[in-house]
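Reviewing the structure listed below.
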Amino acid sequence: MEQERLDGDLSPLKEQLDAAFDVTLSRLKELSDPLERAKAAHALAGRVQDLYGAEFQVVRNEAINETLRVGKLNSTQLAAQLGISKGRVSQLAKGAPPERLFLGSGKVIVALAEKLEDGKLQDGQDKPLQGPVIATEDVQTYERLRDLAEDVGLEITFERIPRGGNVRLNRNNLIVICGPRLSPLIEQILESDPHLRFGRDDEGWHLVDRNTGKVYRSPMDRGENADIAYFGRLPRPDGQGTFLYIAGIHARGSGGVVHWLNTELANVHRELKAKRFSTLVSSRFDPETLEIVESARITPFYRPEGA
């Protein structure tokens, strides 16, 4: 009873600490100068070691790695800036590749949407509706994303978004794979993007570039083995951070984003860090294995004003 009372008394404080941590970590990741990011993260890691040290250490090690890689300072100069030994700088710089931070700094959670399975039987009749399932294409996309995350030293897991699309967005290290038709919440957040949006008309779902007016329709709707996907970092409802978002016009298109990230992750991280953006990625897949075989970014990295 005493422990339960104590936990209850501390609950508001824990919520305040979590909110402050989310804001601090988000701002820390967005510092464009790697030396300033390294110094800030190093100072914070020492002060909050017992609470969130591991998170700040990841950011610090990545920033040290980048500072040395771009030649801003040598290891002796950086050691003097951080107040540690040259050997310690070398040790910290040998950690996981810096681009891992684009995906997350702790355990990454990938949220996948459930839907009711439908389709056709061999005699052409509609299949009876099954219970909620995750699309095979989304599972395959998660598996490729898991491979990528593990390659850069991240732990990753997935959770289901129940029918209705009610996903808890106010947390760190979250990647959501869910079309707007399956989640009114996601649909509302996508409306905040001033550059790209999903649309629907008599011909079906499509994507629109609001800057050029160009409408992107899925080649799959013409019988081709290709699709187009939205990829972005969107604002959390609580305003305390962001989450990564992937959605194809069809489920297969989401895999194209992961295929593209496999070769572009380092470049994307170098350009964007943890800042908000949105872009479109096209991809083609093998009709037999359904594996993505080709992918490319087809719009600029659009940025919201002030981000």
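The values are calculated or read from the model by the stated rules, or taken from the named source; none is laboratory data. Computed from a predicted structure; not experimentally measured. Virtual Cβ from ideal backbone geometry, glycine too; neighbours counted across all protein chains shown. In case anyone asks, the SASA skips ligands and DNA or RNA and just uses the protein heavy atoms, side chains included. Shrake-Rupley method; radii C 1.70, N 1.55, O 1.52, S 1.80 Å.
When Ala40 is tested against (1) part of a helix (DSSP H, G or I); (2) of a type outside the set (Ser, Thr, Tyr); (3) open to solvent by 50 Å² or more (accessible area, probe 1.4 Å), exactly one condition is not met: (3).
Residue check: is Glu99 on the phi < 0 side of the Ramachandran plot, touching a helix residue (DSSP H, G or I) at 6+ places or on another chain (Cβ under 7 Å), among the charged types (D, E, K, R) and modelled with pLDDT of 85 or more? Judged against the criteria, Glu99 is a match. Of everything listed in (1) at pLDDT below 95; (2) in contact with a strand residue (DSSP E or B) (Cβ under 6 Å, 6 or more places away or on another chain), the single unmet condition for Asn166 is (2).
Listed here are the residues, each with its yes/no results for (1) of a type in the set (Gly, Ala, Ser); (2) out of contact with any strand residue (DSSP E or B) (no Cβ under 9 Å at 6 or more places or on another chain).
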{"position": "Ile189", "(1), (2)": "no, no"}
{"position": "His195", "(1), (2)": "no, no"}
{"position": "Gly213", "(1), (2)": "yes, yes"}
{"position": "Tyr216", "(1), (2)": "no, no"}
{"position": "Glu224", "(1), (2)": "no, no"}
{"position": "Phe231", "(1), (2)": "no, no"}
{"position": "Gly241", "(1), (2)": "yes, no"}
{"position": "Tyr245", "(1), (2)": "no, no"}
{"position": "Trp260", "(1), (2)": "no, no"}
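Residues in segment 215-243 that are of a type in the set (A, V, I, L, M, F, W, C) and crowded, with 17+ Cβ neighbours inside 10 Å: Met220, Ala226, Ile228, Ala229, Phe231, Leu234, Phe243. Whenever a residue of segment 157-175 is closer than 18 Å to Lys29 by Cβ, its partners that are open to solvent by 10 Å² or more (accessible area, probe 1.4 Å) and part of a strand (DSSP E or B), lying with C-beta atoms within less than 6 angstrom and at least six residues away or across chains, give the pairs Leu174/Ile109. Mind checking which residues of segment 24-55 are modelled with pLDDT of 75 or more and of a type in the set (A, V, I, L, M, F, W, C)? If the condition is that a residue be modelled with pLDDT of 75 or more and of a type in the set (A, V, I, L, M, F, W, C), then Leu25, Leu28, Leu31, Leu35, Ala38, Ala40, Ala41, Ala43, Leu44 are the ones that fit. Checking segment 276-295 against the condition returns a match, with at least one residue being farther than 14 Å from Asn225 by Cα, open to solvent by 30 Å² or more (accessible area, probe 1.4 Å), modelled with pLDDT of 95 or more and touching a Lys or Arg at 6+ places or on another chain (Cβ under 7 Å). Note on segment 204-223: residues that are over 21 Å from Arg284 (Cβ atoms) and touching a Lys or Arg at 6+ places or on another chain (Cβ under 9 Å) total 2. If the condition is being open to solvent by 10 Å² or more (accessible area, probe 1.4 Å), assigned to a helix (DSSP H, G or I) and more than 18 Å from Glu288 (Cα to Cα), then segment 244-260 contributes only Trp260.
Of everything in segment 269-292, what is assigned to a strand (DSSP E or B) and in contact with a Ser or Thr (Cβ under 8 Å, 6 or more places away or on another chain)? Give them in sequence order.
Thr279, Leu280, Val281, Ser282, Ser283, Arg284, Ile292
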